[in-house]
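The values are calculated or read from the model by the stated rules, or taken from the named source; none is laboratory data. Since the structure is predicted, the reported quantities are computational estimates derived from the model, not experimental observations. Backbone-built Cβ (ideal geometry, glycine too); neighbour counts: all protein chains shown.
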Ligand SMILES: [Zn+2]
């Protein structure tokens, strides 16, 4: 048995004993944050967030009053929504032929006078030298892990842009964030060609008169909460004591552990928060007119985060249309999730069975070419389930 279950059971008991106290503390923090949201004024808060020198946590800039609530808008009934979602299999050095797989699922749903739907999947096998490595910042980097994730995000936006071009005026919807996972966590130089490529796809969608947005279910970000804490700080700027919650009775220390979703749990169904501009470095420095903005929205079943590029954020009728389409989409979705994202996701998923199919396709291709598929001994043991 790989787990010490009796020790785990004792600790689970302790955790259960703590849960009431934790929930009471969380409620206190949420109330404190909402009070601050009610007191804060947009432009001085924006200036204070912009001016800070230390960067304790990711904070966003309010474009509207933090307390602003936008009333529910009517559902849009005549529209086309397109979306893409991806999954991938990473390189594994035990494989007979080194490779990765990116699978992009897509959906186009049209409602109104002439309804229609089209679903698609594009599976890409990377095996050439140029697929397996990239030269970035003067170094040769294996295209795997985080970097493969970034390539997949770029492919998703490419697919959405392609559909937007074929269906002018569509809503192009991405599952997850518009902030490209930073290749700079691995590399020094930015913007890399991947950032430029990603933004060229967003630009292509924009030129087709599309509205581009992304949808995040159960968002964990605390950028607005962090901004409110910066605004509430009695010091000139939050210091370490504030950040680690050791600032005694400082107002900024009264809500250190909650996220934006908690703050906006008081939105009524269909309502959204005001707009905020994200300060994620990659967006703030390199996205230009595509800079990521966001709002929180009560979909009827949860508080979701919706991200949009700057050119959508500053277009009131595009924003209204976006929310109206999302309302129509969640009503058609399962458990309040936009239908188009569900369809694209189902097309993108790589199941255990798909994995075996990919392996056998590769093995038979190798066999035909006269090369036996030599899997490493270690991998054989893993696949047999050990001893
Ligand atoms: Zn502080």
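This table checks each residue for (1) touching a strand residue (DSSP E or B) at 6+ places or on another chain (Cβ under 7 Å); (2) outside any strand (DSSP E or B); (3) closer than 20 Å to residue 319 by Cβ.
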| residue | (1), (2), (3) |
| --- | --- |
| 34 | no, yes, no |
| 46 | yes, yes, yes |
| 49 | yes, yes, no |
| 53 | no, yes, no |
| 57 | no, yes, no |
| 64 | no, yes, yes |
| 72 | no, yes, yes |
| 77 | yes, yes, yes |
| 82 | yes, no, yes |
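Residue-wise test of (1) touching a strand residue (DSSP E or B) at 6+ places or on another chain (Cβ under 8 Å); (2) modelled with pLDDT of 95 or more.
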{"residue": "143", "(1), (2)": "yes, no"}
{"residue": "147", "(1), (2)": "yes, no"}
{"residue": "157", "(1), (2)": "yes, yes"}
{"residue": "162", "(1), (2)": "no, yes"}
{"residue": "196", "(1), (2)": "no, no"}
{"residue": "203", "(1), (2)": "no, yes"}
{"residue": "207", "(1), (2)": "no, yes"}
{"residue": "210", "(1), (2)": "yes, yes"}
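For region 218-233, a residue qualifies if it is surrounded by fewer than 24 Cβ atoms within 10 Å (Cβ to Cβ), away from the ligand (no atom under 11 Å from the Cβ) and part of a helix (DSSP H, G or I), and exactly one does: 223.
So which residues in region 234-284 are surrounded by fewer than 18 Cβ atoms within 10 Å (Cβ to Cβ), part of a helix (DSSP H, G or I), more than 16 Å from the ligand (Cβ to nearest atom) and in contact (Cβ under 8 Å) with a residue 24 or more places away in the chain? Of everything in region 234-284, those that are surrounded by fewer than 18 Cβ atoms within 10 Å (Cβ to Cβ), part of a helix (DSSP H, G or I), more than 16 Å from the ligand (Cβ to nearest atom) and in contact (Cβ under 8 Å) with a residue 24 or more places away in the chain turn out to be 265, 266, 281.
Looking across region 318-338, the residues that are farther than 14 Å from residue 77 by Cα and modelled with pLDDT of 95 or more come down to 318, 319, 338. Screening region 90-205 for strands (runs of 3 or more DSSP E) wholly inside it with 2 or more residues that are surrounded by 15 or more Cβ atoms within 10 Å (Cβ to Cβ) and under 20 Å from the mean Cα position of the chain (by Cα) returns the ranges 100-111, 171-175. Residue 306 meets each of the listed conditions (1) away from the ligand (no atom under 16 Å from the Cβ); (2) touching a helix residue (DSSP H, G or I) at 6+ places or on another chain (Cβ under 6 Å) apart from (2).
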